[in-house]
Amino acid sequence: MPTRPSLNIRPETFDARACYGHLRDVLEERGMGHARIGVELSAVSVRDYPLLQKELASAKLVDATGLCQRLRAVKSRSEITHLRAAAELAETGIAAVRNNIVPGVTRTRLAEVWREAVDEARGGLPLTGAWEYISVGADPWGGDAQAEAGDLIKVDVGCIVSGYTSDTGRTFVLGAPSRIQSDLYNALRAGFDAGISRLVPGNLLCDVHSVTQSTIRASGLSGYTRGHFGHGLGTGPGSEEWPFISASAEVPIEAGMVLAFECPLYVTGIGGLIIEDQVEITPNGPVSMNRLSHDLVIC
């Protein structure tokens, strides 16, 4: 059986210089040592970039971040399968949360319910992670509040299957909602319905943002402003990746994109509200990967 040399020395973590040296060797083996090489610079740290430049000094490095983003924006069928499985699994957990909203239940307990339901339903899925932003009551930003009559419960969650993260949000209320809760939610719902109908190939994402925001404002929230109403989904380091449904996104919608489309509102003293679907863009328009109601569900 092979053994390591007695004086074998290993770095405490990845050695960037060694990694870039291996990259240099691979490029040279393929006759690309002096080639023009695209680099996704958003994935390279400022500290490590000089090392990359030094090891690839014979090549011409160019920023290919935008190209990489565009390539990732349209998913393959296998990627869509991962994202759909992740969305369905996360939604199983949301349904479990809904069924456990009772007076006195804490935010922490509802988060546990969600994770327990996900673990129970995962089966043989390659679940590589899960995340949740659940809030209870008048503080949408945190705390371990106990649910009381009239409280909003905001559930924004995702599962990560083979590295692909889902993103879905729903809002519940314990008992009858107040007038202001209903009015706020109805305005968000109007914007959601208007915006999601525009997620068709050929439309620009900035136009979807405009329609969504203007509809919410026309529905009673005249000062409502959002930087974006959703984003791409995939294998990025967080739950959001390019493209964003923003006012500046002059990006054509393409079949094969998978987007999280969301209309959230967080008001201290009232609570958190969100409607969010995970949407596959097909040649015929948007197809939601979610099944739960878009209504403000009374528990």
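Of note:
- The long axis of helix 107-121 is offset from the longest Cα principal axis of the chain by roughly 60 degrees.
- Between helix 179-196 and the chain there is an angle of about 50 degrees, using the helix long axis and the longest principal axis of the Cα atoms.
- Relative contact order of region 174-299, pairs being alpha-carbon contacts under 8 Å that are 6 or more residues apart, as %: 28 percent
- Residues in the chain average 50 Å² of solvent-accessible surface per residue, probe 1.4 Å, ligands and nucleic acids excluded.
- Where only C-alpha atoms are counted, convex hull volume of the chain per residue in Å³: 195 Å³
- Percent accessible area from carbon and sulfur atoms, region 1-79, protein chains only, probe 1.4 Å: 55 percent
- In the chain, the calculated helix contribution to ellipticity at 222 nm averages -11000 deg cm²/dmol per residue, counting -39,500 (n - 2.57) for every DSSP H run with n ≥ 4.
- Note on Arg122 and Ser293: with the Förster distance fixed at 22 Å, the Cβ-Cβ geometry gives a FRET efficiency of about 0.40.
- Shape box of region 107-196 [Cα atoms, principal axes, largest first, Å]: 44, 34, 20
- Taking the 1.4 Å solvent-accessible surface of region 130-189 as the whole, the part contributed by carbon and sulfur is 51%.
- Normalised by the number of residues in the chain, the average gap of Cα pairs under 8 Å and 6 or more apart makes the relative contact order 18 percent.
- Candidates Val251, Val26, Val287, ranked by Gaussian network fluctuation over the chain, Cα under 10 Å, top entry: Val26
- Using alpha-carbon coordinates, inclination of helix 77-99 to the longest axis of the chain, degrees: 40 degrees
- Whole-number percent relative contact order across region 1-88, with pairs defined as alpha carbons under 8 Å at least 6 apart: 29 percent
The values are calculated or read from the model by the stated rules, or taken from the named source; none is laboratory data. The structure displayed is predicted, hence computed values, not measured ones. We place every Cβ from the backbone using ideal geometry, glycine too, and count neighbours over all the protein chains shown. Each accessible area value is taken on the protein alone, full model and side chains, heavy atoms only, with ligands, DNA and RNA left out. Shrake-Rupley method; radii C 1.70, N 1.55, O 1.52, S 1.80 Å.
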